[in-house]
Every structure is written in structure tokens, then in C-alpha cells.
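Just so it is clear, none of the values below were taken in a lab; they were calculated from the coordinates. These numbers were taken from a predicted model, which means no experiment stands behind them. Reconstructed Cβ throughout: ideal geometry from the backbone, glycine too, with neighbour counts over all protein chains shown.
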Amino acid sequence: MQTNGNTVLVTGGATGIGFALAKAFVNAGNKVLICGRRRAKLEEAKQKLPQIQVRQCDLSKKEDRESLYNWVKDQYEDLNILVNNAGIQRAIDIRKGAADLLRGEDEVQVNFVAPIHLSACFAPLLMDKKDAAIINVSSGLAFVPIAAMPVYCATKAGIHIFSVSLRHQLTGTSVRVFEIVPPAVDTELGRGSTRHSEREYRGIPPSEVATETMEALKNNEYEIVVGGAKGLVEGSRKAFERKFQELNSW
Ligand SMILES: NC(=O)c1ccc[n+]([C@@H]2O[C@H](COP(=O)([O-])OP(=O)(O)OC[C@H]3O[C@@H](n4cnc5c(N)ncnc54)[C@H](OP(=O)(O)O)[C@@H]3O)[C@@H](O)[C@H]2O)c1
């Protein structure tokens with residue numbers, strides 16, 4: 001698809017991979033909107049990229065997701081790309097009972113429910129455009145999980161399957177469904193809940209994810225598996241494609 005002249009919403013676009021994507025879209029000649037919870041981070045992003053529009057919202061809340069959609073529909077009706085990037089990551093020990101699960105933020109709402117709800121809200125608006133896309137950010141951990149982050153990995157596996165289904169369901173419309181599958185990337189993700197030493201390997205820079213994504217969009221490569229995530233994806237899926245075609249051939 002065209003990587004210029006679009007209007008793009010990047011959720012969680014003030015930091016990390018989302019900010020790198022926002023910057024890449026701006027540099028390629030697109031109008032970019034971002035959202036997130038922390039006003040200070042949104043302002044920082046706006047200072048670095050004055051062309052972007054920002055919106056404060058908490059995507060774990062249904063009302064905030066609806067008001068984000070209404071804001072876009074009323075003020076940026078030309079939106080044709082939704083990037084479901086916002087996410088959180090927690091280490092959760094199920095052996096400790098429900099207390100450990102419930103003491104922090106709800107990964108299911110942010111990582112799983114929000115992208116699905118936003119896709120559904122925006123689909124009719126996107127289908128009105130000649131060329132449009134939904135871009136979901138999953139993870140290499142959707143394919144091979146890390147046991148210390150069981151809910152995170154489950155939400156990402158869910159987003160992968162949702163993306164595959166949605167791509168199939170939207171075939172024949174103007175909306176293409178892309179999935180970015182990053183490896184470990186050096187961002188703030190999970191830093192609050194897991195212990196990392198300063199010298200530990202933190203992953204590739206977010207800009208690498210953005211560069212590969214822009215190239216893949218140009219070439220209509222719907223599954224954008226970045227760097228080290230390739231080994232996880234390939235290793236996990238030998239018979240999947242054939243079975244999927246069988247299930248969906250009627
Ligand atoms: N870093 C990695 O190694 C890695 C690997 C694979 C996949 N990913 C995925 O990449 C995506 C981006 O993560 P990142 O690594 O770039 O981390 P990040 O810098 O922490 O970015 C996450 C963004 O999501 C926003 N966000 C979180 N909860 C939100 C909520 N309830 N409502 C609205 N915005 C919310 C955050 O802003 P606020 O806190 O201000 O709301 C932040 O800007 C995530 O989906 C993550 O799972 C990351």
C-alpha cells in the first residue's frame with residue numbers, strides 16, 4: 001500500500017515502538033495522531049514531532065475507546081490506518097493465587113480487548129476509504145511464550161489469531177490487515193514489573209521495527225516478522241497454514 005498521504009492513528013504512540021512508527025509515518029509524508037495515558041509523554045512526543053496530533057486516553061476503559069473513536073470520526077474523518085500498538089507487560093506468578101494477578105493493570109483489557117474493540121469501532125470508517133489498513137502489534141512471544149509472563153503471552157497469541165481471522169474476514173474490502181511481530185525491543189515495556197540489570201541485553205532499537213514495517217507496508221507483506229522473532233514464528237508453525245486453509249475453504 002501507499003506509505004504516504006495517509007492519516008494514521010498510532011495507539012501508545014508517545015514512546016517506544018509506537019513513537020518510532022509515528023516518526024516514520026510523519027517522515028514519509030503522512031498525517032499522524034497518537035494517544036496514550038501520560039500527558040507528559042504525549043507532550044514530549046509533540047515537542048519532538050510538532051506535526052502530530054495527540055489525545056489523552058486510557059484504552060483499558062471502554063468509554064475512552066469510544067471517545068477516541070468519536071474524536072477521530074469528528075475531526076479526522078480521513079483516517080485510513082489504525083495501528084493497535086499500545087500494550088503493557090507484567091510478570092505474574094499464578095502460584096501466588098489471584099492476588100498477584102489482580103494487583104496490577106489488566107493486560108487482557110489493554111493488549112487484547114482494546115485492539116479488538118478499536119478494530120470493530122473503526123472498521124466501517126476504514127472500509128469507506130479506497131485504501132486502508134489495520135496494523136496490530138503482537139510479539140514473538142505470541143508464538144513461543146515465556147512462562148513468567150503468562151497473561152502477556154496469551155494476549156499476544158490472541159492478537160495474532162485475531163489478526164489472521166480479521167485479514168480473512170476483510171478480504172474483498174479496502175482494508176488490509178497487517179501484523180507486526182517484534183522480537184525483544186529496547187523500550188520501557190515491562191520495566192516496572194521485571195528486574196533488569198543495566199547491562200542486560202534489552203533488544204533492538206524501536207527504529208528498526210519502524211523501518212521494516214514501512215518497507216513491508218509498501219510491499220503488502222501482511223505478517224511483518226522482525227529480526228529474532230523469525231526463529232520463534234517459523235519453529236512454531238509447521239502445519240498451521242494448511243490446517244487454516246482447510247478450516248476456511250468453504
Ligand atoms: N519492547 C519489546 O520487546 C516488545 C516486543 C514485542 C512486542 N512489543 C509490543 O509493542 C507494543 C509497544 O510496546 P513498546 O515496547 O514500545 O513499550 P512502551 O514504550 O512501554 O509503549 C507502550 C505504549 O502504550 C501506551 N499504553 C499502555 N497502556 C495504555 C493504556 N491503558 N491506554 C493507552 N495507552 C497505553 C503507553 O503509554 P502510557 O503509559 O502513557 O499510556 C506507551 O506509550 C506493545 O504492544 C508491546 O506488547 C514490544
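Some points to look at:
- For the pair Q51 and D186, a Förster radius of 25 Å applied to the C-beta separation gives a FRET efficiency near 0.50, rounded to the nearest 0.05.
- ³J(HN,Hα), Karplus 6.51/-1.76/1.60, whole Hz, each residue of region 70-85, x for Gly, Pro: 5, 4, 5, 4, 6, 10, 9, 4, 7, 3, 10, 9, 10, 10, 7, 10
- Between amide H atoms placed 1.01 Å from N, distances below 5 Å from V185 occur with I204, all of them 5 or more places distant or on a separate chain.
- Panel order for M127, M214, by other beta carbons found within 10 Å of each beta carbon, from fewest to most: M127, M214.
- A cut-off under 13 angstrom between Cβ atoms defines the neighbours of K46, and their net charge, with Lys, Arg +1 and Asp, Glu -1, is +4.
- Pairs from the list K96/K156; K61/K129; K130/K218 with a Cα-Cα gap above 20 Å: K96/K156; K61/K129.
- For the listed peptides 113-119, 138-144, a ranking on the average number of other beta carbons within 10 Å per residue, highest first, reads 138-144, 113-119.
- Neighbourhood charge, 15 Å Cβ-Cβ cut-off, centred on E105 and excluding it, Lys, Arg +1 and Asp, Glu -1: 0
- Note that the chain, at 4 °C in a medium of 1.567 mPa s, gets a Stokes-Einstein diffusion coefficient of 70 µm²/s from its Kirkwood radius over C-alpha pairs.
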